[in-house]
Amino acid sequence: MIGFGGWNMPVFYSGILDEHQAVRQHVGIFDISHMGQIEVSGPAAKRWLNAVLTNNVERLDITHGQYTLMLNEQGGVIDDLIIYRRHDDDYFLVVNAAKIEEDFDWMRSRLTWDVSLSDRSASFAALAVQGPRSPDLLLQFGDLPARNQIQELRILGIPVLVARTGYTGEDGFELFYPAAAGGIVWNRLLELGGVLGAKPCGLGARDTLRMEVCYPLNGADLSPDRTPLEAGLGLFVDLQKPEFVGRGALLMQKESGLKQRLVALKADGKSPPLRAHYGVFVGDRRIGELTSGTQSPSVGIGIGLGYLDVSFAHPGQKVEIDVRGRRFAATVEKKPLYKKQC
Amino acid sequence: MLVPDDLRYAETHEWIRSEGGIATIGITDHAQAELTDIVYVELPQVGTALGAKQAAAVVESVKAASDIYSPVSGEVVEVNPKLESNPALVNTDPYGSGWLFKVKLSDPEEVASLKTAAEYSIQIGA
């Protein structure tokens, strides 16, 4: 067990490698109750959200969700989150555990009279049900939402918001339901999932799975002094919008050019697992450092994410990574590092 | 957790088997279970002079890298060649084929100062 965002959470149940493979091949169930939920509603909710988040909320149909970011005035990342449009003027935001208070205070400080804001984090338990067999597990409770959509189902009579989203690169779902039913739904799904190869999964596998598909982790790959442009998340930033917090700084950065970019790296051969803060070199020149790293359970090779000087930040670039004073050859790769075999 | 009676133990979870002035060193069953899936082992160079309690090897799981300390002082005379291709031996057979390295003891008295199996069992609550 380790501390994570104020929660005491298991790193693993049966083992990181075992849980990782369960998600890639069958289905894994993660307790993600630590994550925060914020509700935003009111006639001006859409316009207001568009001014505080980077992606374009106008493009969001009812029941749809989108990945988006909350920035500081310098364009740095406060948090990355998913926003769902539940009804016309009702939005449901799922934010990182360690950032709940900061996100909420930051939003409240910008609140206008025609928008209401509510931190519902303590009311919700949440599970991630991820892997190719996850639809089979949940279909017995009703029709399932399409990718990036959210809808309500009943499990054991409990109203459960089911979103088809995740952090693993597999088909999967995230479930949000009353906190008091936390253990009941968890136990029931594991029981029903047994025949499908379902396993309980911890933070360790969550981290290796997301790294293989190059999803950034806030606090590691994202931080208040890195912009989404540097992090390669420009797709989730709509600079055409007239205004949102951080926009001016991003436009300036775009004009002056990026200095570093977040890339995916893979060791060329056998190496120790890669780790955050390892230095990346070309010859004697230090061109950046890793912000995340592990050994990919799927391919058995060291992988990592890190910010490199832009002139070296393109796929195919050969680099060396310093591990305790020894250098290991690695290559900048296209994202994601792991692709589903079709 | 397995804690064989014929070995000595360091507080930092290494075991040592001493025979004819040569000590074989590995990590305990308890340590491998705590570290979980071991995917990489970095061993000392043969010929390295180690002091007691000096960091000598690194064992890495998917999640973290952990220093392994030599419980005794001496010169490294052999390292386990099988761990390069099969580091998981440390998990599956920590007291046998998962041994890490051997040292030529410079002070055989040091072994007697290490914990007995009974003492180590108390330490880990086994």
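Quick note: the coordinates plus some simple rules give every number you see, no bench work behind them. It should be emphasised that the depicted structure is a prediction, and the values quoted were computed from it without experimental measurement. When we count neighbours, we look across all protein chains shown, and the Cβ atoms used for this are built from the backbone with ideal geometry, even at glycine.
Just subtract the alpha-carbon distance of residue A:196 and residue A:243 from 0.36 nm times their residue separation and send over the number in nm, one decimal.
Numbers: separation 47, 0.36 × 47 = 16.92 nm, distance 4.77 nm.
Fully extending the segment from residue A:196 to residue A:243 adds 12.1 nm.
Can you sort B:5, A:119 from fewest to most other Cβ atoms within 10 Å of each residue's own Cβ? Please report the intermediate quantities before stating the final value.
Numbers: B:5 8, A:119 19.
Final ranking by Cβ density, sparse to dense: B:5, A:119.
Provide a whole-number value for the mean count of partner chain Cβ atoms within 10 Å of the Cβ atoms in peptide B:36-44.
4
Hey, fewest Cβ within 10 Å first, where do A:314, A:26, B:13, A:20 land in order?
On the way: A:314 12, A:26 19, B:13 22, A:20 28.
Ascending number of Cβ neighbours within 10 Å: A:314, A:26, B:13, A:20.
Using the 2.2 N^0.38 Å rule of thumb for compact globular proteins, work out how the protein assembly as shown stacks up: its C-alpha Rg over that value, please.
Normalised by 2.2 N^0.38 Å, the Cα Rg of the protein assembly as shown equals 1.11.
Are there any chymotrypsin sites (Phe, Trp or Tyr not before Pro) in segment A:89-163 that are in a DSSP loop and have at most 12 other Cβ atoms within 10 Å? List them by number. Walk me through the intermediate numbers first.
Details: sites: A:91, A:92, A:104, A:106, A:113, A:124, A:141; in loops: A:113, A:141.
Those satisfying the criteria are A:113.
Can you give me the distance in nm between label points at residue B:84 and residue A:311, each placed 7 Å from the Cα along the Cα-to-Cβ direction?
3.7 nm
Identify the trypsin sites (Lys or Arg not before Pro) of segment A:233-342 meeting these criteria: DSSP loop state and at most 16 other C-beta atoms within 10 Å of the C-beta. Intermediate values should be presented prior to the final figure.
On the way: sites: A:247, A:254, A:259, A:261, A:266, A:270, A:275, A:285, A:286, A:318, A:324, A:326, A:327, A:334, A:339, A:340; in loops: A:259, A:270, A:275, A:324, A:334, A:339, A:340.
Qualifying residues, ordered by number: A:259, A:270, A:324, A:334, A:339, A:340.
DSSP loop (so not H, G, I, E, B), at most 14 other Cβ within 10 Å: list which GluC sites (Glu not before Pro) in segment A:199-263 pass both filters. Mind dumping the intermediate values first?
Details: sites: A:212, A:230, A:243, A:255; in loops: A:230, A:243.
Loop-located and lightly packed - A:243.
Compute the length gained on full extension between residue A:25 and residue A:179: take 0.36 nm times their separation in residues and subtract their Cα-Cα distance, giving the result in nm to one decimal. Display every interim value, and only then the final one.
Working: separation 154, 0.36 × 154 = 55.44 nm, distance 2.93 nm.
Stretched out fully, the residue A:25 to residue A:179 stretch lengthens by 52.5 nm.
Tell me the Kirkwood hydrodynamic radius of segment A:2-211 in angstroms, computed as one over the mean inverse distance between distinct C-alpha pairs.
Details: mean 1/r = 0.0570 Å⁻¹.
The Cα-based Kirkwood calculation yields 17.5 Å.
Using R₀ = 51 Å, calculate the FRET efficiency as 1/(1 + (r/R₀)^6) where r is the Cβ-Cβ separation of residue B:122 and residue A:255; round to 0.05.
Working: r = 66 Å, r/R0 = 1.30.
Working from the Cβ atoms, E equals 0.15.
Taking the beta-carbon count within 10 Å as an exposure proxy, list A:30, A:173 from fewest neighbours to most. Mind dumping the intermediate values first?
Numbers: A:30 27, A:173 23.
The order, fewest Cβ neighbours first, is A:173, A:30.
Report the calculated FRET efficiency for residue A:14 and residue B:22 (r = Cβ-Cβ distance, R0 = 41 Å), to the nearest 0.05. Provide the component values of the computation, followed by the final result.
Values: r = 38 Å, r/R0 = 0.92.
That gives a FRET efficiency of 0.65.
Beyond 17 Å, what share of the Cα-Cα pairs of chain B remains, rounded to the nearest whole percent? Present the calculation step by step, with values, prior to reporting the outcome.
Details: 4027 of 7875 pairs.
Cα-Cα pairs of chain B separated by over 17 Å account for 51 percent.
Take the Cβ-Cβ distance between residue A:109 and residue B:92 as r, set R0 to 51 Å, and report the resulting FRET efficiency rounded to the nearest 0.05. Write out the running numbers ahead of the final one.
Working: r = 55 Å, r/R0 = 1.08.
In this case the efficiency is close to 0.40.
Can you tell me the length gained on complete extension of the stretch residue B:64 to residue B:49, counting 0.36 nm per residue apart and subtracting the Cα distance? Display every interim value, and only then the final one.
Numbers: separation 15, 0.36 × 15 = 5.40 nm, distance 2.62 nm.
Length difference between fully extended and current span is 2.8 nm.
For labels at residue A:335 and residue A:146 in the simple 7 Å Cα→Cβ model, what's the distance in nm?
Rounded to a tenth, the inter-label distance reads 2.5 nm.
Please compute, for peptide B:58-67, the average count of beta-carbon atoms on other protein chains lying within 10 Å of each residue's beta-carbon.
On the way: counts 3, 0, 7, 9, 15, 14, 4, 5, 0, 0.
Averaged over the peptide's residues, the number is 6.
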